Every structure is written in C-alpha cells, then in structure tokens.
Amino acid sequence: MAYLAGLESRAVAPTANAVARLERLGGPLSEDGETPARVIEQLDEFGSPATVASAGGRYFGFVVGSALPAALAANWLAGSWNQNVTLEVLSPVGVRLERTALGWVQELLGLPAAAQGAFVTGATMANFTALAAARHAVLAQAGWDVESNGLFGAPPVTVVVGEEAHVTLLKALAMLGLGRDRVLRVPTDDQGRMRAELLPELAGPAIVCCQSGSVNSGAFDPVAEISARAHRAGAWVHVDGAFGLWAYAAPARRHLTAGAESADSWATDGHKWLNVPYDSGMVFVRERRHLRAAMSGAGAASYLPLSENGEPAEFAPELSRRARGVDAWAALKSLGRRGVAELVERSCRHAGRLAEQLRNGGCLILNDVELNQVLVSFGSDERTRRVTAAVQDDGTCWCGGTVWKGTAAMRISVSSWATTEEDVDRSAAAILRAAAA
C-alpha cells in the first residue's frame, strides 16, 4: 500500500542508483535461508525503488495498463488460493470465474456468443493459440491432420499479413512452423490500415491476419472487406486485437472495430485496457471444435478426468496455470459495462488532449488520434530521439520511441485507469520543456 501511495511523488523511471542497488538482491544462495518477513523487507527496500512506475498515471509506454484496485486485491486472494485451473475438479471456483469472465468479455467485444475462449499469458500466446486452431482448420479442410502428422509433407499454408503486423504475430507464426519470412505482406495506407483491395488471390490452405488497433497509430484494418474476400477463397481470418478490440466496449469508438466480428479467431489482452495485473491474455475461436482439436492432443492421460463440456486444458497450450480469470472477473465485476466504456473512452480523450497540447506547442502529430495512441515528431529524426531520451530522463512521464513510415517518432500510449487530466497536463508540459531545451 505504501508503494502504491508513493507513485505520485516518484519519477516514473528508476534512478541509476536504484538499479545499481539491485546487486544487494544477488550473491550466493544462503545455506539456511531467511525469515519470510526479512525476504519481503529486502524486496521492498531494494526492489521497489528499481521498478518502473507503470502502475501510476504517467506511464505511456508499450500499451501497458495499470491494475484496478479490485483486480489487484483479487490477484492477492487468488495467489492465496493457489488454484490450478487446468481441470474443473482442481478448481471449481477458478474455472467458474474464468468461464464467466470470458463470456462477459465476448459480449463487451461484440464477438459471437458461440465462440470458445481461453485465458493465456498475453497476446503472443493468444495469437499462437488462435493460429494453431487456424492451422488445424485449413489443413483439415485440405485432408491433412497436422496434429498427428506435423508439417512434414503437409500442403503449404499461405499466410497473409499487413505491413504493420505486430512482432508477436510473426513470433507466433514462427513457433507454429509457418515462418516469419514466407508471409505475404499487404501494403498499408498512411495510418497503417491494410489495403484490402491489394489482398492477393488466395487458393488452397490460407490464413489472413488482420489488426484491430495498430500498436503505433491505433488504426484498424478493414476487417469486413478483408473477411469477405478471404472467406470467398475458403481462408481463415484472424484478428490481432491486443488492445484495440476493447474499443467496441465504448459506444463512441465502436465504429472503429467494424467487421471484426466477421473473423474466425481473435486475440486480446486483459493486462492492457482491462487493467488487470500481469499476465492476462485471451483467445477466442468462432468454432470451438477447431480450438479443441489444436490444443487437446490425441487424448487425455488416464488420470485427467474430462467433462462433456470441456476442460480449460483442452482450449489452451498450458496444463498447469494460475487462475487468471479471477483478476479479470474482479475487474469486470467492479467496473460494469459503463465502467469499461468510460475507461476506454477516458483513455482516448486523454490521448486527444495530449496530442492537442503538443500540436499547439509546435510538435508534429503523425497519426489521426482516434484511439489511445499518439505519434509525435519534433523535427529531424535525431532531434526526436534526443527529446524522447530527455523525457525519459526527466521522469515526469515515460514515452517510448518508434519508427513510423520511415520517420523516428515518440510513441505515447494512454492505457491506465489511473491517468488523470492533471497527469496529462503535467506530462505535456514536461515533453514541451524537453523539446524546448
């Protein structure tokens, strides 16, 4: 509680001295150990000062959410329960809360009610899991059992992505044996949206990967048009919506996600815009049979009882895993529909307010700020990088750097429930001071 209370008065990034003092937590392992109280004292004394204050209201890097009070406390309680949600018999409460939370999220994101969901670690594993289901479905359609026979001798699978596809999607494709470099890349427009009219002709097993919410610009691919073209060719359509899919929950932003519901699978995060503690990702697949086939294996071990309704272990890569659904359930229960909508809308308003103040201060805003992402140029690439580094050193707020359409940019992501208008104004002033210097 003291750590959380001190976030307002500390720099967002840790000092060099605080990082250096982490050495105190190393050294040889003792023979007899130490008391639990002393262990926690050391973590707080040397660990807390060396954290990045991403739980506060002025951290704008990497689309990182904070932790809502109810979700944080639920996380503590779930840690005390120490539940393994691989099977319902192992944790009736964990499985029930997980199923409830997944159903609520499906509804909030406008996804088909019959879709099958699962909790995973984050968007990387959500993309991996969804694309494993996609790989199964398109190869089964071609008469190939990839779970039994692998990819050796399998019909080739065409994978299409946009030029702005996120690295986690490419990592998932690599882990699935579909390759990072053999994908077909579709050009994007000036905001990073895939140009549907340039989608290649598809034949045979094929997967098309769309993006709802570019990690740089916040832009959305035209999923409806892409899906129509891809489905005519029998292709699978996947949506990487790590944070952008949550725009559906806010009526004023819902139009941005138009067409996302027409896809075959979706990946999103809880630890971004839902603001639950790390780690929390979610995957949804329109037809549960494809997800189950990809994740359940040839059959259960004799000691693992499976129910007719399906067990969590049959829809996710892991067997043993923590009860992530407890945190998400608590966040959703505490916010309600209006609370989720306001959290999303407030973040977007804050992003617009930041962009306006920086634009009025002479900075160049490189994207249409329709969501929670802001891209800023301060002139030359060299100057933009120097200003970004100066802002990080200043400590008032933290913003990252990126390259957008060949131009260096400061990247601002407003994702925390804790961010206030005062945080926005303080941060804008600090950025403009750095630019002036």
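The values are calculated or read from the model by the stated rules, or taken from the named source; none is laboratory data. Given the structure is predicted, the values throughout are model-derived calculations rather than measurements. Cβ sites come from the backbone with ideal geometry, for glycine too, and all protein chains shown count toward neighbours.
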### Task
From the list A114, A165, A101, pick out the single residue that is not charged (D, E, K, R) and not in a loop (DSSP other than H, G, I, E, B).
A101
### Task
Mind listing whichever residues of region 356-380 are in contact (Cβ under 8 Å) with a residue 40 or more places away in the chain, in a helix (DSSP H, G or I) and not polar (S, T, N, Q)?
L358
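Of all the residues that make up region 38-54, how many are in contact with a Leu (Cβ under 6 Å, 6 or more places away or on another chain) and either more than 28 Å from D423 (Cα to Cα) or aliphatic (A, V, I, L, M) (or both)?
Our first condition is that a residue be in contact with a Leu (Cβ under 6 Å, 6 or more places away or on another chain); within region 38-54, this holds for 46, 50, 53.
Right, trim to either more than 28 Å from D423 (Cα to Cα) or aliphatic (A, V, I, L, M) (or both) and you get 50, 53.
Qualifying residue count for the region: 2.
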### Task
Any residue in region 307-326 that's without any contact (Cβ under 8 Å) to a residue 40 or more places away in the chain: show its pairings with residues that are in a loop (DSSP other than H, G, I, E, B) at Cβ separation under 9 Å, as long as the two are six or more apart or on different chains.
N309/E88; E314/G297; E314/A300; E314/L306
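I need a count of the residues in region 92-120 that are in contact with a helix residue (DSSP H, G or I) (Cβ under 8 Å, 6 or more places away or on another chain) and among the polar types (S, T, N, Q).
Pass one, region 92-120, residues in contact with a helix residue (DSSP H, G or I) (Cβ under 8 Å, 6 or more places away or on another chain): 93-95, 97-102, 104-105, 108-120.
Checking the rest, the ones that are also among the polar types (S, T, N, Q) come to 100, 116.
Final tally of qualifying residues: 2.
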#### Entry: Members of region 221-239 found to be free of Cβ contacts under 8 Å to residues at least 40 places away in the same chain and in contact with a Lys or Arg (Cβ under 7 Å, 6 or more places away or on another chain), listed by number
P222
## Note on the structure
For region 338-352, the count of residues that are closer than 10 Å to S416 by Cα and of a type in the set (A, V, I, L, M) equals 2
#### Entry: Residue tally, condition within 32 Å of the chain's Cα centre (by Cα) and surrounded by fewer than 10 Cβ atoms within 10 Å (Cβ to Cβ), over region 23-52
2
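Considering only residues that are of a type outside the set (D, E, K, R), out of contact with any strand residue (DSSP E or B) (no Cβ under 6 Å at 6 or more places or on another chain) and part of a helix (DSSP H, G or I), which ones fall in region 138-159? Working first, answer last.
Of all residues in region 138-159, those of a type outside the set (D, E, K, R) come to 138-144, 146, 148-159.
This time we only want the ones that are out of contact with any strand residue (DSSP E or B) (no Cβ under 6 Å at 6 or more places or on another chain), so: 139-144, 146, 148-157.
Listed by number, the residues that qualify are L139, A140, Q141, V146, S148, N149.
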### Message
I'd like the residue in region 216-247 that is of a type in the set (F, W, Y) and under 17 Å from H271 (Cα atoms) and, out of all such residues, is surrounded by the most Cβ atoms within 10 Å (Cβ to Cβ).
### Response
W246
### Summary
Selection from region 236-289 of residues part of a loop (DSSP other than H, G, I, E, B), acidic (D, E) and within 10 Å of the chain's Cα centre (by Cα) yields D279
### Query
In this structure, is A137 over 26 Å from V340 (Cβ atoms) and surrounded by 23 or more Cβ atoms within 10 Å (Cβ to Cβ)?
yes
### Query
Which condition number does E422 fail, the rest of (1) within 15 Å of F60 (Cβ to Cβ); (2) surrounded by fewer than 19 Cβ atoms within 10 Å (Cβ to Cβ); (3) without any contact (Cβ under 8 Å) to a residue 40 or more places away in the chain; (4) touching a strand residue (DSSP E or B) at 6+ places or on another chain (Cβ under 9 Å) being met?
(4)
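Looking only at region 102-121, decide whether some residue is touching a His at 6+ places or on another chain (Cβ under 9 Å), polar (S, T, N, Q) and either under 21 Å from H271 (Cα atoms) or at pLDDT below 95 (or both). So that I can check it myself, show each step before the final result.
Step one: filter region 102-121 for residues touching a His at 6+ places or on another chain (Cβ under 9 Å), giving 116.
In the following step, the residues that additionally are polar (S, T, N, Q) were identified as 116.
Those left that are additionally either under 21 Å from H271 (Cα atoms) or at pLDDT below 95 (or both): 116.
Within region 102-121, one or more residues are touching a His at 6+ places or on another chain (Cβ under 9 Å), polar (S, T, N, Q) and either under 21 Å from H271 (Cα atoms) or at pLDDT below 95 (or both).
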### Task
Kindly provide the set of residues from region 290-317 that are over 16 Å from A114 (Cα atoms), modelled with pLDDT of 95 or more and assigned to a loop (DSSP other than H, G, I, E, B), ordered by number.
A316, P317
